[in-house]
Amino acid sequence: MRKRYLAMMLSRLEGFSSPKPELEQYRTPGDVAAEMLWLAGSIGDIQGKIVADLGAGTGVLAIGACVMGAGRVYAVEIDESALALAEENAGALGLGDCIEFLNMDVSGFSEAVDTVVMNPPFGSQSPHADRPFLLKAFEVAEVVYSIHLAKPEVRRFIEAFVRDFGFSITHRVTLPFELPAQFFFHRKSVERILVDVYRFERLTVDGTPV
Ligand code: SAH
């Protein structure tokens, strides 16, 4: 499988039918999802691993993780209608058995996993909406991939937050990300922003990566 093929496959999945701004429902574009999953795959964080996608939406990252060979994926999503679409998307690709769909708030998720892959709310509707996602990820996983706005104040927040919870940033890749404009009430049909894709890893007691 090539990265471009994965990107194309993920970009063809069904998206949110009526996205809810208060939940910051925007899907990860196929190319960004593929970039993140490819990095994770190349480091050995996906193949045969137990993975969780927190705020799975229509399932782009969960499905991508299965395609990349994850052993099992939990797709955790508060919005029932989005999760139904995720199930349809996975079913259409014959990947339904790889994913356990959990309709719940991320804070209620309690399975220990190897790797979290997530695109949490960016916090553009309510500041730090990504906080409960990061907290949960740091509680259940050793390795976390996450997408955040590439802005100086967000970077400062992430750097401090990650350190406070005993994780380190091992990778940060900045990528363009197309957002549907309905969230920003602009006339353009899409808004191009920059995001940072991070890899976080739990530190051992002496402060070195595991
Ligand atoms: N991961 C998907 C969707 C990203 S949008 C993708 O990459 O395409 C963020 C998702 O988080 C939305 O689907 C939203 O409904 C969900 N969400 C927001 N708050 C949540 C919460 N507290 N618990 C679970 N899911 C939540």
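Here Thr174 meets each of (1) within 16 Å of the ligand (Cβ to nearest atom); (2) hydroxyl-bearing (Ser, Thr, Tyr); (3) within 16 Å of the chain's Cα centre (by Cα) with one exception, condition (1). The sole residue among Val106, Val116 that is β-branched (Val, Ile, Thr) and either open to solvent by 20 Å² or more (accessible area, probe 1.4 Å) or farther than 21 Å from Ala34 by Cα (or both) is Val106. For beta carbons closer than 6 Å, sequence separation of 6+ or different chains, a first residue in the stretch 33-55 that is part of a helix (DSSP H, G or I) and a second that is open to solvent by 60 Å² or more (accessible area, probe 1.4 Å), the qualifying pairs are Ala34/Lys3; Trp38/Lys3.
Taking the stretch 41-70 only, how many residues are in contact with a strand residue (DSSP E or B) (Cβ under 6 Å, 6 or more places away or on another chain), more than 12 Å from the ligand (Cβ to nearest atom) and not aliphatic (A, V, I, L, M)? Residues in the stretch 41-70 being in contact with a strand residue (DSSP E or B) (Cβ under 6 Å, 6 or more places away or on another chain), more than 12 Å from the ligand (Cβ to nearest atom) and not aliphatic (A, V, I, L, M): 3 in total.
The values are calculated or read from the model by the stated rules, or taken from the named source; none is laboratory data. Since we're looking at a predicted model, the values are computed, not measured. FYI the Cβ positions are ideal-geometry reconstructions off the backbone, even for glycines, and counts take in every protein chain you see. To get the accessible areas, we keep the full protein, side chains included, count just its heavy atoms, and leave off ligands, DNA and RNA. Shrake-Rupley method; radii C 1.70, N 1.55, O 1.52, S 1.80 Å.
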